[in-house]
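Notes follow once the structure below has been shown.
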Number of protein chains: 2
Amino acid sequence: MFRLQNEIGLKLSSSLEDYLESIYLIQRDQTVARMKDIASRLGVTAPSVTGAIKSLNKLGLVEHSNYGYVKLSETGGKIAADIFRVHQALTDFLHIILGLDYQKAESDACRIEHSIEPETVRRLADFLEFAISPSKGCKGCAQKFNEWYLEKDK
Amino acid sequence: MFRLQNEIGLKLSSSLEDYLESIYLIQRDQTVARMKDIASRLGVTAPSVTGAIKSLNKLGLVEHSNYGYVKLSETGGKIAADIFRVHQALTDFLHIILGLDYQKAESDACRIEHSIEPETVRRLADFLEFAISPSKGCKGCAQKFNEWYLEKDK
DNA sequence: TAATAAAGTTAGGAGTGCCTAAATTGTTTC
DNA sequence: GAAACAATTTAGGCACTCCTAACTTTATTA
């Protein structure tokens, strides 16, 4: 059932990845994450959060004692940061290259981030670097694509 | 629970989309699809297929009577074709633009296809058209990126 | 500090999607 | 056409992830 994937060698479900990422972002914004913050961010009910946190706790990815705050463990923090990096790379690509509005780019990224391979993400990020660089071979083709796209269906 | 998504207005699970797509491809290659073909293509056991086909049958997307062949209904065929178009667009993008080898492009596409929005796919396909065209603003930047990428880490 | 409100947990249940084992039906082949 | 084999279905179970309702703990405040 376990597939080598991140530094501790386990493959998390999309759902648990979402929880981890939420905790990461809440911690970043507010230092501590509470169950209700996680619930409202993910649009689930409190008991769902309790269950998920228990799973993450068993896996050693969060620290949590009853009725208290939730904190990412060191490993949990690393994994969450990885997930968020993927999220960012995808969002940037969808927004800057494809020209999706930022909201849509984020929500699409949020779903795709769980099913994309690391190599693909790496290439996506590299392509972005290449495409927006005025000095590399492409000379700002992201910009050019968006101009072309706007004219396209006229 | 239903979200407007395709022409009959329902959102299928990733799993059911996979079944539909498999049947579509088997039908294309061999005219009729049998349960065991579907099972082996998806890497699941026969009872899993029986269950999934029952669900698709209830939704009116396949025709199937006990111990017989499976056939896509008209609606099922349209939805499957849509799914496959997304699959192709994604695969092409990952292979031609990002330079992933075809196998990896396909397997990544296979997972991403369930979570990407139609608008994003459209833009991806348009970007591909733009990027490989020698006449449009980009002048074959897909090619240039791949050359740059190969040199990158040297 | 006792009452109330807010946050969190427990209990129990539903839907999905997979599995194994066992029964059934269909197809060959002698 | 009956035995043997292949394909499919049924039965039963498990993991995951969500839910509602009810209960417990913690925080607020009058």
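Any chance the stretch A:70-91 includes a residue that's part of a loop (DSSP other than H, G, I, E, B) and either under 22 Å from A:A33 (Cα atoms) or of a type in the set (F, W, Y) (or both)? Checked against the condition, which is being part of a loop (DSSP other than H, G, I, E, B) and either under 22 Å from A:A33 (Cα atoms) or of a type in the set (F, W, Y) (or both), the stretch A:70-91 yields at least one hit. Annotation for the stretch A:96-110: at least one member residue is more than 30 Å from A:E151 (Cβ to Cβ), within 19 Å of the chain's Cα centre (by Cα) and within 14 Å of DNA strand D (Cβ to nearest atom). Name the residue that is farthest from B:H114 (Cα to Cα), counting only residues in the stretch A:103-113 that are more than 8 Å from every other protein chain (Cβ to nearest Cβ) and surrounded by 17 or more Cβ atoms within 10 Å (Cβ to Cβ). Looking at residues that are more than 8 Å from every other protein chain (Cβ to nearest Cβ) and surrounded by 17 or more Cβ atoms within 10 Å (Cβ to Cβ), I get A:A105.
Residues that are more than 18 Å from A:I112 (Cα to Cα) and either within 14 Å of DNA strand C (Cβ to nearest atom) or acidic (D, E) (or both) within the stretch A:4-30 comprise A:E7, A:I23, A:I26, A:Q27, A:D29, A:Q30, listed in sequence order. Scanning the stretch B:114-142 for residues that are modelled with pLDDT of 75 or more and within 9 Å of another protein chain (Cβ to nearest Cβ) gives B:H114, B:S115, B:I116, B:E117, B:E119, B:T120, B:R123, B:L124, B:D126, B:F127, B:F130, B:A131. A count restricted to the stretch B:33-52 and to residues that are more than 8 Å from DNA strand D (Cβ to nearest atom), open to solvent by 60 Å² or more (accessible area, probe 1.4 Å) and not charged (D, E, K, R) stands at 2.
Quick check, is B:A105 assigned to a helix (DSSP H, G or I) and at pLDDT below 95?
Values: assigned to a helix (DSSP H, G or I): yes; at pLDDT below 95: no.
Against the criterion (assigned to a helix (DSSP H, G or I) and at pLDDT below 95), B:A105 does not qualify.
The values are calculated or read from the model by the stated rules, or taken from the named source; none is laboratory data. For clarity, every value in this text was computed on a predicted model and none was experimentally measured. Heads up, the Cβs are rebuilt from the backbone with ideal geometry, glycines too, and the neighbour counts pull from every protein chain shown. Side chains are part of the model used for accessible areas, which takes the heavy atoms of the whole protein and leaves out ligands, DNA and RNA. Shrake-Rupley method; radii C 1.70, N 1.55, O 1.52, S 1.80 Å.
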